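K.L.:
Below is a structure I'd like to ask you about.
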Amino acid sequence: MTSSKTTQTMKPATAAKKLGVYLEATPAEFREGTVSREQFNALQADPPAWLRDLRRDGPHPRPVVAAKLGISIAGLARGGVTEPLTTEQIEALKQEDPEWLAKERATQAEVRKEAVRLKELKEKRAAKDAAARD
């Protein structure tokens, strides 16, 4: 008994998320079908002009906007940013450096420091436990 191999596909929203682009800004033919694994790999390996343009200029989805600003997605919401932003808008926001953005960047820096501290603590405990077993 042989089984036929089915092509693995994903919804356009999933593909857009994995590609780091805003779905509504993609071409209609991308949004209206499914994306096979082969098509997805081809988009990653040799992005067409529309994908390069979206990645460079936007509009960008919230996770990309948050990363470019150095804050969390929740920080974007607290700052009142709910719409996708273009690269130009992100750069203008960085130049303006509103109080909420500075505060969110400081919060994100503290979160990162705490994550490093906890990781180091976990590693020390693991080393101590390993030494105790030897």
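K.L.:
Only one of (1) farther than 25 Å from Ala106 by Cα; (2) in contact with a helix residue (DSSP H, G or I) (Cβ under 6 Å, 6 or more places away or on another chain); (3) among the hydroxyl-bearing types (Ser, Thr, Tyr) is not met by Thr87, so which one is it?
P.N.:
Of (1) farther than 25 Å from Ala106 by Cα; (2) in contact with a helix residue (DSSP H, G or I) (Cβ under 6 Å, 6 or more places away or on another chain); (3) among the hydroxyl-bearing types (Ser, Thr, Tyr), only one is false for Thr87: (1).
K.L.:
Which condition does Pro84 not pass, out of (1) out of contact with any Pro (no Cβ under 7 Å at 6 or more places or on another chain); (2) in contact (Cβ under 8 Å) with a residue 60 or more places away in the chain; (3) of a type outside the set (Val, Ile, Thr), if it passes all the others?
P.N.:
Failing condition for Pro84: (1).
K.L.:
Of the residues that sit in the range 68-106 and are β-branched (Val, Ile, Thr) and open to solvent by 60 Å² or more (accessible area, probe 1.4 Å), which one is modelled with the lowest pLDDT? Even if it seems obvious, please write down each step before you answer.
P.N.:
Narrowing the range 68-106 to residues β-branched (Val, Ile, Thr): 71, 73, 81-82, 86-87, 90.
When the remaining residues are screened for being open to solvent by 60 Å² or more (accessible area, probe 1.4 Å), the result is 73, 82.
Working: Ile73: 91, Thr82: 88.
If we take residues in the range 68-106 being β-branched (Val, Ile, Thr) and open to solvent by 60 Å² or more (accessible area, probe 1.4 Å), then Thr82 is modelled with the lowest pLDDT.
K.L.:
Check every one of the helices (runs of 4 or more DSSP H) wholly within the range 1-67 and list those with 2 or more residues that are closer than 29 Å to Ala77 by Cβ, open to solvent by 40 Å² or more (accessible area, probe 1.4 Å) and touching a residue at least 12 places away in the same chain (Cβ under 8 Å).
P.N.:
12-19, 49-57
K.L.:
Okay, moving on. Quick one: which of Glu104, Glu120, Glu114, Glu83 is part of a helix (DSSP H, G or I), under 20 Å from the mean Cα position of the chain (by Cα) and acidic (Asp, Glu)?
P.N.:
Details: Glu120 fails: under 20 Å from the mean Cα position of the chain (by Cα); Glu114 fails: under 20 Å from the mean Cα position of the chain (by Cα); Glu83 fails: part of a helix (DSSP H, G or I).
Matching residue, one of Glu104, Glu120, Glu114, Glu83: Glu104.
K.L.:
Would a scan of the range 92-101 turn up a residue that is touching a residue at least 12 places away in the same chain (Cβ under 8 Å) and over 20 Å from the mean Cα position of the chain (by Cα)?
P.N.:
Residues of the range 92-101 touching a residue at least 12 places away in the same chain (Cβ under 8 Å): 93-94, 98, 100-101.
If we keep only those that are over 20 Å from the mean Cα position of the chain (by Cα) as well, we get 98, 100.
There is at least one residue in the range 92-101 that is touching a residue at least 12 places away in the same chain (Cβ under 8 Å) and over 20 Å from the mean Cα position of the chain (by Cα).
K.L.:
Residue by residue through the range 35-54, note down the ones that are more than 22 Å from Thr6 (Cβ to Cβ) and touching a Ser or Thr at 6+ places or on another chain (Cβ under 9 Å).
P.N.:
Pass one, the range 35-54, residues more than 22 Å from Thr6 (Cβ to Cβ): 45-54.
Answer for the range 35-54, where residues must be more than 22 Å from Thr6 (Cβ to Cβ) and touching a Ser or Thr at 6+ places or on another chain (Cβ under 9 Å): Trp50, Leu51, Leu54.
The values are calculated or read from the model by the stated rules, or taken from the named source; none is laboratory data. Here the structure is a predicted model, which means the values were calculated and not measured. Here Cβ is always computed from backbone atoms with ideal geometry, including for glycine, and neighbour counts include all displayed protein chains. We work out accessible area using only protein heavy atoms, side chains counted, and drop any ligands, DNA or RNA first. Shrake-Rupley method; radii C 1.70, N 1.55, O 1.52, S 1.80 Å.
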